[in-house]
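The values are calculated or read from the model by the stated rules, or taken from the named source; none is laboratory data. Note that this is a predicted model, so its numbers are computed, not measured. Methodologically, a virtual Cβ is constructed for each residue, glycine included, from the backbone with ideal geometry; neighbour enumeration extends over all protein chains shown.
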């Protein structure tokens, strides 16, 4: 039994030795016990730069119908207008502590409507109101300036009566909707005269009151910040 086992091992050794001699003769290097090292190719080894940024995701706007696109635009515009109204209403209540939520929202709505009609920035009109009257609809100055936007009846009554026959007397300027409508139109004419310069238009409206123009511009910055917050928070 031991002789058979020894004979087997001797035979296997001779075969392995023979294979090794054959491989050496053929020029094949012996296998290494150490695993081959493998590195990722260097970016500099390639002739062309390798981009590690994933390609942009494809858009599918071209697959949307015109009706769907229109609805999306309307929804976005509504969201922005709601944020503007909330910002303006909050501003009014900050300046007039006695103003309730309903009235503040109505004033903001009147501003949005008038500004759409006369192509003006609602934040400018809102900033004017808090500086002119502290958002008090019944404000009356010694010089005869009425309401939210302190419309000077003695100066503008002829044009007001001609264009708005239902606004017949100075007391009508205490109506918030009428006052905002007329005041915004007056400002829009000054805005055109000032060649679309807000500060210049404010100077015309306030008869050269630089401090008022400065305060309005400061409130504008506050409104923009509040608007962005409302947009962010929905």
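Brief remarks on what is shown
- Among the residues of the stretch 131-164, those that are without any contact (Cβ under 8 Å) to a residue 40 or more places away in the chain and in a loop (DSSP other than H, G, I, E, B) comprise 133, 134, 138, 139, 141, 142, 143, 144, 147, 149, 150, 164.
- Residues (over 17 Å from residue 132 (Cα atoms) and in a helix (DSSP H, G or I)) located in the stretch 171-216: 171, 172, 189, 191, 192, 193
- If you go through the stretch 36-92 and keep only what is at pLDDT below 85, surrounded by 10 or more Cβ atoms within 10 Å (Cβ to Cβ) and either in contact with a helix residue (DSSP H, G or I) (Cβ under 7 Å, 6 or more places away or on another chain) or outside any helix (DSSP H, G or I) (or both), you end up with 50, 64.
- Residue in the stretch 183-197 that is touching a residue at least 12 places away in the same chain (Cβ under 8 Å), closer than 26 Å to residue 97 by Cβ and crowded, with 20+ Cβ neighbours inside 10 Å present: yes
Table: residues versus (1) over 23 Å from residue 85 (Cβ atoms); (2) surrounded by fewer than 19 Cβ atoms within 10 Å (Cβ to Cβ); (3) at pLDDT 95 or above.
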residue	(1), (2), (3)
119	no, yes, yes
122	no, no, yes
127	no, no, yes
134	no, yes, yes
140	yes, yes, yes
143	yes, yes, no
148	no, no, yes
171	yes, yes, yes
178	no, no, yes
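- Out of 111, 167, one residue alone is buried (at least 17 other Cβ atoms within 10 Å of the Cβ), in contact with a helix residue (DSSP H, G or I) (Cβ under 8 Å, 6 or more places away or on another chain) and not in a loop (DSSP other than H, G, I, E, B). It is 111.
- Test: residue 179 is in contact with a strand residue (DSSP E or B) (Cβ under 9 Å, 6 or more places away or on another chain) and touching a residue at least 40 places away in the same chain (Cβ under 8 Å): yes
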